[in-house]
Amino acid sequence: MSSGRSDRTLVIAAVQQARVLRDLLLQKSVAALQAPGSHLWREVVDASVLMAGMIGGLGGAQCRTVAAHAVHNGLTHLLQSHDALHGEKVAYGILVQLRLEEMLQGNLLAATSRQQLLKFYAEIGLPQTLEDLGLDGVTIAELRRSAEVACQEGSDIHRLPFEVTSTQLMAALVSTTAPCSSPRTQDSDFSSLPVVPS
């Protein structure tokens with residue numbers, strides 16, 4: 001979420017509700033997925049749909065997973081991604097957004113949240129890497145094009161409280177499972193990060 005430092009009342013309220021939803025999902029999703037259609041499953045689904053709408057309504061664009069949806073939009077330009085579901089690409093995009101916050105802002109909370117989500121994703125079967133999305137054969141040129149689409153003018157990624165270039169996005173796309181790193185700056189050299197073979 002790109003709004004944790006806001007002083008706007010409705011944004012603060014939205015962030016608090018997002019935390020409640022996050023905790024509910026972390027605590028109940030595994031059991032709910034083991035019993036589709038059960039009362040617990042319906043409770044988790046209802047909370048996800050209703051609270052996500054409420055969070056977006058209260059906080060507006062600033063409280064949406066803006067980079068996550070931009071990543072989804074960029075990935076849809078790769079033919080190899082068409083078997084992955086919208087939610088899978090957005091889930092992966094959340095990891096990318098947290099990685100961007102970690103790399104570009106030195107945000108340790110984002111790093112910790114990413115590590116927590118990686119464990120959670122492993123439990124419930126959500127993608128953690130490009131390979132998990134079936135994109136292990138994507139070339140650097142294709143990945144670059146996807147990142148350029150995600151960063152084009154008018155993209156939601158520009159709602160983040162910091163600038164993101166397509167090169168920085170590519171670095172985040174290929175490092176979602178990296179261990180927590182020391183804080184970096186926007187001028188960091190990303191050449192040491194893993195690269196998908198061309």
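The values are calculated or read from the model by the stated rules, or taken from the named source; none is laboratory data. Fair warning: this is a prediction, and the values are worked out from it, not measured in the lab. As a convention, Cβ positions derive from the backbone with ideal geometry for all residues, glycine included, and neighbour counts pool all protein chains shown.
To keep it simple, each residue is scored yes or no on (1) crowded, with 22+ Cβ neighbours inside 10 Å; (2) free of Cβ contacts under 8 Å to residues at least 12 places away in the same chain; (3) assigned to a loop (DSSP other than H, G, I, E, B).
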{"site": "Gln17", "(1), (2), (3)": "no, no, no"}
{"site": "Val20", "(1), (2), (3)": "no, no, no"}
{"site": "Ala35", "(1), (2), (3)": "no, yes, yes"}
{"site": "Ser48", "(1), (2), (3)": "no, no, no"}
{"site": "His72", "(1), (2), (3)": "yes, no, no"}
{"site": "Leu95", "(1), (2), (3)": "yes, no, no"}
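Do you know which residues across segment 97-107 are within 13 Å of the chain's Cα centre (by Cα) and either outside any helix (DSSP H, G or I) or farther than 20 Å from Leu143 by Cβ (or both)?
Matches in segment 97-107: Glu101 only.
Quick check on Asp132: is it surrounded by fewer than 15 Cβ atoms within 10 Å (Cβ to Cβ) and touching a residue at least 24 places away in the same chain (Cβ under 8 Å)?
When the stated conditions are applied, Asp132 does not pass them.
Under 7 Å between Cβ atoms, which residue pairs at least 6 apart in sequence (or on different chains) link something in segment 135-156 that is acidic (Asp, Glu) with a partner that is outside any loop (DSSP other than H, G, I, E, B)?
Pairs that qualify, where the first residue is acidic (Asp, Glu) and the partner is outside any loop (DSSP other than H, G, I, E, B), are Glu148/Ser166; Asp156/Val66; Asp156/His69; Asp156/Ala70.
Okay, residues lined up against (1) at pLDDT below 95; (2) of a type in the set (A, V, I, L, M):
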| position | (1), (2) |
| --- | --- |
| Arg64 | yes, no |
| Ala70 | no, yes |
| Glu102 | no, no |
| Asn107 | yes, no |
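What's the total number of residues in segment 128-165 that are modelled with pLDDT of 95 or more and in contact with a His (Cβ under 7 Å, 6 or more places away or on another chain)?
3
If you go through segment 59-70 one residue at a time, how many are surrounded by fewer than 21 Cβ atoms within 10 Å (Cβ to Cβ) and part of a loop (DSSP other than H, G, I, E, B)?
Final tally of qualifying residues: 1.
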